[in-house]
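Reading through the structure tokens given below for one structure.
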Amino acid sequence: MNCPKCNSFVQIDPPQHATNVAQPSPPSPPRVMLGDESIGSEAVTEAGMSVGDLPTESSDAAGDSGPLIAPPLASETSFESDEGVLPETTGDSEADSMASPGGVDPNELFQARRSGTSKSVAMWIVGSLLSVSVMAGLFIWFRQPDQTAGLPASGLVSNTSDEPIEDVSVNGSAVSEADVESNGNDPAINSGVEVIDAGASAEDDPDAVGMSADTAGGDPMSDDPMSDGNTDSGTLDAGGSDVPGVPNDLMPRSPLDGPPAVLGRDQPNAGPVTKPPPTESEPDPVMELPPEFAQFQILLEMPGQAPDAPPMSEAPVLEDVVLDIAAEEFVDPMLIATPPEEVNIETALKMRLAVSTKGYPLSDLILFLGEATLIPIQLDWVSMDLADVDLRQPVATDSKGMTTIGQLLGRAARSAGLEIETEEDRLTLTLPMEMLQAKTKSLIELEDFGNERGSAETLLDQLNAVVELEPRDALHLRCLTTESLRRLRQHEPMLSDEVMSRWSAAYTHKPTEKLVDDGLPPGWQVLSEGKSGSQLDTAIAMAGLLRRTSRINDATCVINWNDAQRRRLSPGQLVMAYAGEAGSEVTAGEMLERVLDPMGLQVREVDSSHWWVGTSATYDRLPVVVRSEPLGPRRDDVLHRIRESARLVGASLAIEHDPVSDGFLAVMPRFLYRQLPKIIGPEL
């Protein structure tokens, strides 16, 4: 039996024979020990049942212990202590224990133990393999694509072709167990009769698939595709044998069948398609911000890596020529987030000061008044050029003592023949429309064209009709195009070359490799030279810095306040300019670039006495009136290439061919004019 302490199998001798009173006998050591491990109770029981009778009294008296005896297994109460002491026995029990003499072979018990252990290990291994197989099968089944995509959704469809029908299990058609059980006893299906459910649809039953039955005859058990699909473990085949049904999803696909059908790809054109699962509804749009927070919305759309970089766009291509597009307008969100304080124009013009303006340039006075009042004051430069009004002409205010800024500005405007137009957030100095028409009347008249007046008028009407402008701007364009046509036909000019060089250009086609790659140099170069003056100790207003630097270089500065105000800048914006140390001063162009570049502005040198402040995007889109030299045989090709280039880059263009001079007269943006060498080509 098993020792309750060490769990070893031991042999216990029967107790000594007692005549009168059974005395407890001391425990005797085990005669045989079979290892330190336990032996199953089943093996001990089988061994005990196969032994013979127990030894007799004569054998005990003779001192022959006989073969090893395996007593019956003891219950849990057979041992009273961990020492394995036997309980008291009576004579009757002793007689009963010796009723069947016989012995137990220890080798037989050991072999029984080994065989039981081997069986347990084998069962464990087999169970593990079965578990892995089942898991692999389930994984393959879940990974298998939808086999029902593209199949007809109505019951059965008869096959009228002569081609054999593939087995349902091979084709991988998925049939639910509910359909198999419901159709298993249907005589119409088993007999191959066509059955169509008129009420079934793909939407009502997405699991319904189309199945076909061969009606050409032959063996019904071999030709009926439902014979295998509808056979379950509880059904019988024609021979009466049990044929367990294998689910179609677990049947392996043949490599000759090709890849499974995917919804939206490789599926048949005919028949309904399984409806895809509904997608998640889109989130509700963001609610509109209140007006006081709407100006900060652009902060949420800042680029991640380079917030100061303008957006990029793909350059258009004209045959083998890559065209450059105009510079993009970009405003730093931080400038928008910190707008300047609002200025009441009426209140600001009531400020009083004493100033002497005898001989002070008009443009410089405008910058000073803007700095003092924080009011942007725009100059109508084109109107003043066409009316021959110099920006730098000295103006006198005839003021004595303290006077308001409004009175000072009004006297200066009347001295130059200008009027003041008040807008919501700025002032504009321009010529009255009647005065502008009177001063430009001689420019737009065509008396000097002589016999060519009719063709000139027709050409100018066609050119100006393409561009829709305000009356003042339309008058500006009429004057410039008329003067350009006058120069194109080599008549006596009426406007000075200095004025025409600012708003028009004469194109002569002399392409070089550098011009084709880089384009024509801009008419208004970015300021790079000039004197910066002495280093300032304190911050200075932006308008004051521009006025001071331009006066040092004997020039006047004109600010495009359309660009500056989009960046929330005012004339009183404080800046700290660095002019360099004594002996190592920086140029005026470098100093102003450091100050204005973070604001997106740049200073361009129009000519030696005029500077212009604005953005590169505005400059690229400034219109210029272009006149060309005679085109020659390529005139149609040149005009087509220019029109096509303007269409590709999205630029407004008005161009007409002059039959008298054989040149073209056009109104185009400046960035397109720079690319004329590579647009027209190497030969004209």
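What is the distance, in nm, between label points placed 7 Å from the Cα along the Cα-to-Cβ direction at E423 and at L574?
Result: 2.8 nm between the two label points.
Where in the stretch 467-539 are there GluC sites (Glu not before Pro) that are in a DSSP coil and have at most 11 other Cβ atoms within 10 angstrom of their Cβ?
Sites meeting the loop and neighbour criteria: E468, E529.
Per 10 Å bin from zero, what fraction in whole % of the C-alpha pairs of the stretch 546-609 is there, up to the bin with the longest pair?
With 10 Å bins starting at 0, P(r) equals 18, 53, 26, 3.
Quick check: residue separation of A474 and E529 times 0.36 nm, minus the Cα distance between them. What number comes out in nm?
16.2 nm
If I stretch the segment between F330 and V355 completely, what's the gain in nm (0.36 nm per residue apart, minus their alpha carbon distance), one decimal?
Result for the pair: 5.1 nm of gain on full extension.
How are the alpha carbon pair distances in the stretch 448-606 distributed across 10 Å bins from zero to the largest one, expressed in percent?
8, 26, 25, 23, 13, 4, 0
Under 1.5 on a/c is rounded, so check that first for the stretch 450-503, then, if it is not, pick prolate when a/b is larger than b/c and oblate when it is not; a ≥ b ≥ c are the square roots of the alpha carbon gyration tensor eigenvalues.
oblate
Do any trypsin sites (Lys or Arg not before Pro) in the stretch 376-485 lie in a loop, going by DSSP, with at most 10 other beta-carbon atoms within 10 Å of their beta carbon, and if so which?
K400
Quick one: order D636, D380 from most to least accessible surface, probe 1.4 Å.
Of D636, D380, the descending order of accessible area is D636, D380.
Between S442 and E581, what is 0.36 nm times their sequence separation minus the Cα-Cα distance? Round to one decimal in nm.
44.7 nm
Take C6, C557 and sort them by solvent-accessible surface of the protein heavy atoms, 1.4 Å probe, largest at the top.
C6, C557
Hey, can you grab everything whose amide H is under 5 Å from the amide H of A541? Only 5+ residues off in sequence or another chain; H modelled, so Pro and N-termini drop out.
Here the answer is V575, since their amide H atoms fall under 5 Å of that of A541.
The values are calculated or read from the model by the stated rules, or taken from the named source; none is laboratory data. Small disclaimer: the values here were computed from a predicted structure and weren't measured. Every residue, glycine among them, receives a Cβ derived from its backbone with ideal geometry; neighbour counts consider all protein chains shown. Just the protein is used for accessible areas: all its heavy atoms, side chains included, with ligands, DNA and RNA removed. Shrake-Rupley method; radii C 1.70, N 1.55, O 1.52, S 1.80 Å.
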